[in-house]
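Worksheet: one structure, shown below.
What follows is calculated from the coordinates using simple rules that are stated; it is not laboratory data. Since the model is a prediction, treat every value here as computed from it, not as a measurement. FYI the Cβ positions are ideal-geometry reconstructions off the backbone, even for glycines, and counts take in every protein chain you see.
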Ligand SMILES: [Cu+2]
């Protein structure tokens, strides 16, 4: 006679690793792309605000085309841990004065 014990493990959802300091607000748009340049202020792109130039893939609901363009970043803190050439996932927040990058997270270099 064989007794089979079935143990049911209910895994608690793991808190996402993206809970960094910059995720205080929810992004309006999310996209992926490659960092072309990181420009802490002051730079030729902006006198007082950090700018990230992204070669971004189409952004659902915002831009249908892949393109290279500058975005103002919410903080230079977002530049920590990323560098030009890195493939990233980013969050955008539409604010009255700018379309702001509020998160910047490295992705594996390969396209999906
Ligand atoms: Cu664009």
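What is the Cα coordinate range of region 57-97 on the first, second and third principal axes, sorted by size from largest, in whole angstrom?
Its Cα atoms span 28, 27, 14 Å along the three principal axes.
Using a basic spin-label model with each label point 7 Å from the Cα along Cα→Cβ, how many nm lie between residue 89 and residue 26?
Going by the 7 Å Cα→Cβ label model, 1.7 nm.
Points 7 angstrom from Cα along the Cβ direction at residue 98 and residue 36: gap in nanometres?
1.7
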